Every structure is written in C-alpha cells, then in structure tokens.
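The values are calculated or read from the model by the stated rules, or taken from the named source; none is laboratory data. It should be emphasised that the depicted structure is a prediction, and the values quoted were computed from it without experimental measurement. Note that each Cβ is placed from the backbone with ideal geometry, even for glycine, and that neighbours are counted across all protein chains shown.
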C-alpha cells in the first residue's frame, strides 16, 4: 500500500502546484484539463484527488501561503528590529496579494478563501504589532482589533491598480507614517 | 399635458425615496411591491417609471448622494480651514457609506453603482486634497492618483465591522496622522 499512498500524495502536490500556476495565468475560469495536463496526470486523477474546483483552488492557495508567505513572515518575526520586522511582513503580505491576485480572486469567486491560512497570518501580524508597540516603535494606542482593519485597508488598494506596478508600496508607507508614535494624535475608541 | 408630467415626476421621486428606505432596511432582496406600497403607487406605476431593479437602486442611491452627501461636501469645500474641510468631507463620505451600506451593497450586487455620482465625489475630494496640500496642512508628496486609493482604504474598513458602530472614524484618524506633513517620510513613487 505504501508506494500507492506516496503516489497519491505526489499527484496531489503536482496538481495543486499546476493549479496555482494556471489560475495565476488564466483566473477563475481556467479549464481543469489544462491543470491536469500541466500536472502530467489524467483528468480522472484530478477528480479523485479533489472533490471539486473549490477544493482545488483552496489547495493551490494554501500551497502559495506555505511556500511564499509563511517563510517571509517567519523571517519577519525573527528580525531583531521590531519596526523593520513589521514593515517587511506588511510588504510580504501585500506583495503576496499582488503576486497572487488572480488566484485570490478565483478563491473569492468560489468562496474558497482558506480561513485557516488567514487566521495564521492574522495571528502573526497581531504578534508583530504587539511587539512593535511594546518596543515603542509604533503608536501606543493601537489595539489588536486594529490589525485586521489595517491589513484590509492595505489590501484594498490592490483593486485600484495594476498590482504588478508595485504602487501599493506607497500606501504601506503612508499608513506606516500614520502608525508612527511621533505622528500620533489620540485615536477615537 | 403639464399636470400629468408633474405627476410622473412626483411618482418617480416618491418611488426612489421609498426604494432608498426599503433597500436600507431589507438589502438587495427587498420585494418591489413593498417599495410600491410604501411609495403609495401601484406596482405597474413602478415598472412604468423604472425599467428594471438596477435603475431603481441607482435612482435611490443618487437621491442619497444628492440629499445627504453632496450638501455635506459643499459645506466642506466652503470651509475656510482647508484641513478641517478635508477631514469633515472624509467623515461625511465614509459616514454616508456606513449609513447606506445596505443600499450600496444592493447597488454593487446589481452592478448599479452610479458612476456619475462617484466621479463627482472624487472630483470634490481631489479639490479638497489639492487645497490642503497647497496650504501645507497635509504632506506635499501626495498626488491626485492617491485620492481614490485613500478613499478605497477608508471605505474598506466598513466591511470589517458593524458600520453603525462608528468604529470607522478610528481609521480616518489613523490615516489623517499619515497625511500630516510633520509625519512624512518620503513616499515611494
């Protein structure tokens, strides 16, 4: 049984990897047989590994999180400088959103945003904001509830531009100036 | 012919007004006969005045713009203090989004956002930002292209909260600190 299970796992991984590529290129309407073709498997193998399109998009997105975003966030957490760590994590997260915007839009169309991945990212950001606040390098009147809203604001600008332009970095810088302790006028509750 | 045309205009206005109320209460799925009922007209009159649901939502939204937002923006433009003018306009616009979030969601579902209204609001904000920049009360490195992105960021937080909580004011204050000239680190292009 062992070799068969290893085969199944390898196929799962190949298909998720191909789906990540194909959705990034073609968006939510990407044909499944193109994904199977690129993974080097038959369409029946694809259907055996993934019950539906939503499961496939979720796996592709989760792969992107694991391979691209999570290592960058871990690096940011390991940074000795709490401000630099927070800023590089923001850059990594919005950069991930920019690079994977078609896959994310496909996931959103299918209602397939992986909540586990999102919760993990949010927990890391909460830790990064706390650490920066305790070090006095961002304003002291921020609370944990601000973290998802600040991320939502920064992600929202992606929809207003060609995400590959990198123009979103400008709004990280603008918000960073709003987060600075020396800029702070007290926030309303 | 005159009295008939006045009648038609009165019905149009009544129906748009009722639609604004009913969509705010019940969202995109509000039944059309409830709207006709509340307007005091028959359903056939409603269909004579509005070719489809999208036209009705668009008229309701346009009425909201005209009656609520536009006067507040005009007041903000008339304010002698460019910083206070800009801030009260931001508060008015996001507050309008908060008060009318169901009508806006209905419009968005139906693809009925009124582009004319949006363009008008954006033009007013562009003027307010320019005036504040020229007066030196906001950072000098902002450009016109930043205006829709800053508005998009502030609107995006509404989706993360109960809009009636007023919690969105906190993010106007945060962004305002990022706009302050004394906070400014140079923005990337």
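Tabulated results
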quantity	calculated
Any hit, segment A:172-183, residues being out of contact with any strand residue (DSSP E or B) (no Cβ under 6 Å at 6 or more places or on another chain), at positive phi and within 13 Å of another protein chain (Cβ to nearest Cβ)	no
Among the candidates B:30, B:60, B:39, residue that is surrounded by 13 or more Cβ atoms within 10 Å (Cβ to Cβ) and over 28 Å from residue B:119 (Cα atoms)	B:39
Members of segment A:159-171 that are touching a residue at least 24 places away in the same chain (Cβ under 8 Å) and either within 7 Å of chain B (Cβ to nearest Cβ) or surrounded by 19 or more Cβ atoms within 10 Å (Cβ to Cβ) (or both)	A:163, A:168, A:169
Test set (1) at pLDDT 90 or above; (2) facing another protein chain (nearest Cβ under 10 Å); (3) closer than 18 Å to residue A:157 by Cα - residue B:187 fails condition number	(1)
Test set (1) exposed (fewer than 15 other Cβ atoms within 10 Å of the Cβ); (2) more than 7 Å from every other protein chain (Cβ to nearest Cβ) - residue A:150 fails condition number	(1)
Candidate set: segment A:121-147, residues that are at the interface with another protein chain (Cβ under 10 Å from one of its Cβ atoms) and surrounded by 18 or more Cβ atoms within 10 Å (Cβ to Cβ); chosen: the one farthest from the chain's Cα centre (by Cα)	A:139
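To keep it simple, each residue is scored yes or no on (1) under 30 Å from residue A:140 (Cβ atoms); (2) modelled with pLDDT under 90; (3) touching a helix residue (DSSP H, G or I) at 6+ places or on another chain (Cβ under 9 Å); (4) in a helix (DSSP H, G or I).
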| position | (1), (2), (3), (4) |
| --- | --- |
| A:17 | no, no, yes, yes |
| A:46 | no, no, yes, yes |
| A:62 | no, yes, yes, yes |
| A:75 | yes, no, yes, yes |
| A:85 | yes, no, yes, yes |
| A:89 | yes, no, yes, yes |
